[in-house]
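J.: Please see the structure below; I have some questions.
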């Protein structure tokens, strides 16, 4: 009975995807629709193996990841610094907090036309947009983590006569680490989405988002589907890796 | 004063106090005053910078020009017609996406067989961001209304589906036992135990879904559109009418803000009313 249950769930789970793919392929082979326009599982596989073999898929993903990292390298530190300052300074929070939370309400992509106006349509604009997208999750998580640092820990720092820099570095930031790690995890997810969006809306260049738009313009549905899957897989890997790093970090700190 | 001096005797504490500028606990009026300093001085600097021609209007138009552009947009009817179109898209797209999300999430949350069948398919579906769907959908759908509704629907579906499934799955086992004790039949169990128990999580999903729908609307109107409030910013940018672009951005911000606030308010009220007893 237990063995029957063990294979039942994966078998049921495979049922719908397999049925969908089979229907799609059979309909394509039977000439129900124009395979030139609509693609079929076979043409998608062929496109996948072609883009993998000529290296264009890996090249595009690599270009996008570099852009993503450049944006993260700006947005994450700024988020850390602003979040820490707002958490430590009540005046700073009173002055800036409401303005920042109002700015945050503006839908992310609304900023694209303005950023392209100020920084141009090329790489600086794209990277600035990615940096902006990852700034808020890091800032909010840092602020919450630092503010939530146990008051008793601050008391300890005080009795040890640590300077404010020492107490920040040795006591407060380590206590805020779990929250900061969660914020950076979220920033990785946002950063990847912002990278794809930036490649759609700013000038075309190397990158998986641009490749998707090119495929669309050429009505190459097979290429577009390959690109979609690549975007989803990279996003999933980033998420999984960030989650694993987060757990390792917290474990090594004994949390 | 003596307390202040006592703290100052300890160097670290003094540094901490200096960090927060020793600001006293302030009332709501003081808080509002402080909150307005940054935007007000920003506006003043913006105004002076444009008046003194430190920045060209091609980089940053004057605040008065933006206000005038906003008035023009409102008076000519462009604002209401485009905003109306956009809101209609959000409502319809969200309606479709949320309905399918509720159905799929409910099925997965209530039946183990449905969960086994749907889980792998829907979880891999959810992995693909709506941004990646847009180019694919554009091939058969073009840039018409269907594309927008599909993109917005997909973006709303994800959080609604995930939270509905989670909400039903996470109903406290103790509550379910109460149902068994009362010999409830299945509809009674759903109606009196599972639904009230899942409701708070379900509302969270709906709120997140509407927020996502609004974000997706802006994306799809920037990428592929010929009307709507997002498109107003695009066309203004292309025509170098930057005052109009900023005015439309302002409208998007204000609408998004009101949407978020009213949803949080509604969620708090509904959870208080329905979820409080079961949770």
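J.: What pairs can you find where one residue is in segment A:202-227 and facing another protein chain (nearest Cβ under 10 Å) and more than 11 Å from residue A:44 (Cβ to Cβ), the other is at pLDDT below 90 and in a loop (DSSP other than H, G, I, E, B), and their Cβ atoms are less than 7 Å apart, with a gap of 6+ or different chains?
T.: Between residues of segment A:202-227 that are facing another protein chain (nearest Cβ under 10 Å) and more than 11 Å from residue A:44 (Cβ to Cβ) and residues that are at pLDDT below 90 and in a loop (DSSP other than H, G, I, E, B), the close pairs are A:213/A:204.
J.: If we keep just the residues of segment B:22-65 that are surrounded by fewer than 11 Cβ atoms within 10 Å (Cβ to Cβ) and assigned to a loop (DSSP other than H, G, I, E, B), which is modelled with the highest pLDDT?
T.: If we take residues in segment B:22-65 being surrounded by fewer than 11 Cβ atoms within 10 Å (Cβ to Cβ) and assigned to a loop (DSSP other than H, G, I, E, B), then B:52 is modelled with the highest pLDDT.
J.: Of everything in segment B:159-175, what is touching a helix residue (DSSP H, G or I) at 6+ places or on another chain (Cβ under 6 Å) and under 14 Å from residue B:110 (Cβ atoms)? Give them in sequence order.
T.: B:161, B:164, B:165, B:166, B:167, B:168, B:169, B:171
J.: From (1) modelled with pLDDT under 95; (2) buried (at least 16 other Cβ atoms within 10 Å of the Cβ), pick out the condition that doesn't hold for residue A:129.
T.: (1)
J.: I've got another one for you. Name, by its number, the condition in (1) surrounded by 15 or more Cβ atoms within 10 Å (Cβ to Cβ); (2) more than 11 Å from every other protein chain (Cβ to nearest Cβ); (3) without any contact (Cβ under 8 Å) to a residue 12 or more places away in the chain that does not hold for residue A:232.
T.: Tallying (1) surrounded by 15 or more Cβ atoms within 10 Å (Cβ to Cβ); (2) more than 11 Å from every other protein chain (Cβ to nearest Cβ); (3) without any contact (Cβ under 8 Å) to a residue 12 or more places away in the chain, residue A:232 fails exactly one: (2).
The values are calculated or read from the model by the stated rules, or taken from the named source; none is laboratory data. The shown structure was predicted, so the numbers you read here are calculated from the model rather than taken from an experiment. No Cβ is skipped: glycine too gets one built from the backbone with ideal geometry, and neighbour counts run over all protein chains shown.
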